[in-house]
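The values are calculated or read from the model by the stated rules, or taken from the named source; none is laboratory data. Computed from a prediction, not measured in an experiment: that's the story for all the values here. Here the Cβ is made from the backbone with ideal geometry for all residues, glycine too, and neighbour counts use every protein chain on show. Just the protein is used for accessible areas: all its heavy atoms, side chains included, with ligands, DNA and RNA removed. Shrake-Rupley method; radii C 1.70, N 1.55, O 1.52, S 1.80 Å.
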Amino acid sequence: MYRRIVRSSAYLTVVTLLSLAAGVLAAPAAHAVPDATWDRLAMCESSGRWNVNTGNGYYGGLQILPSTWDEAGGRVYAPLPHQATKRQQITIAEKILRWQGWDAWPQCARKLDLYSVPITTSYVVQQGDTLSSIARKFSVPGGWDAVYQINRNVIGPNPDHLLPGTRLELPT
C-alpha cells in the first residue's frame, strides 16, 4: 500500500511539473514593441552594433547603463548589456521601457518619433490566472476591470471565464 501511494504521488508530481512546463513553453514571449523598432533605436544609439562597448559608460545596441541593466534583471543574461544577445538586450529594454518610457533613450526616441509608439505589453493566460491576479502582477491601473475592458472582445461577456492560452493586452 505504501509503495502505491509513493508511486502515485511521484507520478502526480511528474505530471504536474510537465503540465506546468508545457504551459510555460507553449506561451510565446510577449513583446511590447516590434523588433524592427528596437533595430531602428539601436541603429541610432550604437549604429546597430549589439555587442558594442565604446567606453562611454553605456553598453550594447541600446546603450544601457550597467546600473539600469542590473535593476531590470539583465545580470541573469550577462554582466553587461553588450555581452548579452540582441534578444536578451531587447527583453531587458522592454522592462526599462515600461518603467521609464521612451525617456530612457531621449535623443534617439525624439529623433525617431518613438513617443508616438504605444507602450503596452501582452500576456498569455496561464492555468489558475484570474483577471485580478494578472492586474496585481503587472500593477495595472484600474485593476482587473481595466484589463477586462481592454480585452472584452477576447474574453467574452463573462470576466470570470478566462481560458489558458488567451493573449491579453495590458496597459502600462
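Tabulated values for the structure
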{"read-out": "Extension gain, ASN56 back to GLU71 (0.36 nm per residue minus Cα-Cα distance, nm)", "value": "3.5 nm"}
{"read-out": "Length gained when the stretch LEU163-LYS137 is fully extended (0.36 nm per residue, less Cα-Cα span)", "value": "7.6 nm"}
{"read-out": "Where a label projected 7 Å from the Cα of TRP99 along Cα→Cβ would reach, residues of the stretch 38-80 with amide N under 17 Å", "value": "58-60, 62-80"}
{"read-out": "Ordering of 62-68, 100-106, 163-169 by packing [mean C-beta count within 10 Å, highest first]", "value": "62-68, 100-106, 163-169"}
{"read-out": "Solvent exposure of the stretch 36-142 as accessible area per residue, Å², 1.4 Å probe", "value": "51"}
{"read-out": "Accessible area, probe 1.4 Å, largest first, for residues SER46, SER133", "value": "SER133, SER46"}
{"read-out": "Estimated FRET transfer efficiency (SER116, ASP39; beta-carbon r; R0 22 Å; 0.05)", "value": "0.80"}
